[in-house]
Amino acid sequence: HALAGERAGLLVPTSGTTGAARVAWLPARALDAHVAASAGMLPPLQAGGRWLVCLPMTTIGALAALWRTLAAGACYAFVE
């Protein structure tokens, strides 16, 4: 199996601008690279901190923020 030995990752629905949605697999190593790259651009997020996300949980922006929050040991809050 292609995912054997992989750490957890995210399955993200995507359809681009047209067409039926399909699911894209984002492996943990890609998300970890995103966290590292974001650390140089975003305010620091520390354990016990909070990240408020106002995007639908079906978007990559919200899911990436969730991954950054989990990596920091912080609290994730979202608005429905």
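The values are calculated or read from the model by the stated rules, or taken from the named source; none is laboratory data. Please read these numbers as outputs of a predicted model, since none were measured by experiment. Please note: Cβ atoms are built from the backbone with ideal geometry, for glycine as well, and neighbour counts cover all protein chains shown. For accessibility, only protein heavy atoms count, side chains too; no ligands or nucleic acids. Shrake-Rupley method; radii C 1.70, N 1.55, O 1.52, S 1.80 Å.
For the reader, a short list of remarks on this structure follows.
- Residue check, ARG50 modelled with pLDDT of 85 or more, under 13 Å from the mean Cα position of the chain (by Cα) and among the basic types (Lys, Arg): no
- Among the residues of region 38-70, those that are open to solvent by less than 70 Å² (accessible area, probe 1.4 Å) and either in contact (Cβ under 8 Å) with a residue 60 or more places away in the chain or assigned to a helix (DSSP H, G or I) (or both) comprise SER38, GLY61, ALA62, LEU63, ALA64, ALA65, LEU66, TRP67, ARG68, THR69.
- Those residues of region 27-71 which are under 17 Å from GLY9 (Cα atoms) and among the charged types (D, E, K, R), in sequence order: ARG29, ASP32, ARG68
- Screening PRO27, PRO44 for residues that are of a type outside the set (Gly, Ala, Ser) and at pLDDT below 85 leaves exactly one candidate, PRO44.
- Condition met for GLY9 (among the small types (Gly, Ala, Ser), surrounded by 10 or more Cβ atoms within 10 Å (Cβ to Cβ) and either modelled with pLDDT under 85 or farther than 18 Å from LEU63 by Cα (or both)): yes
- Residues (in a helix (DSSP H, G or I) and surrounded by fewer than 11 Cβ atoms within 10 Å (Cβ to Cβ)) located in region 12-28: none
- The residues in region 23-54 that are among the charged types (D, E, K, R) and more than 11 Å from TRP67 (Cβ to Cβ) can be counted, and the count is 2.
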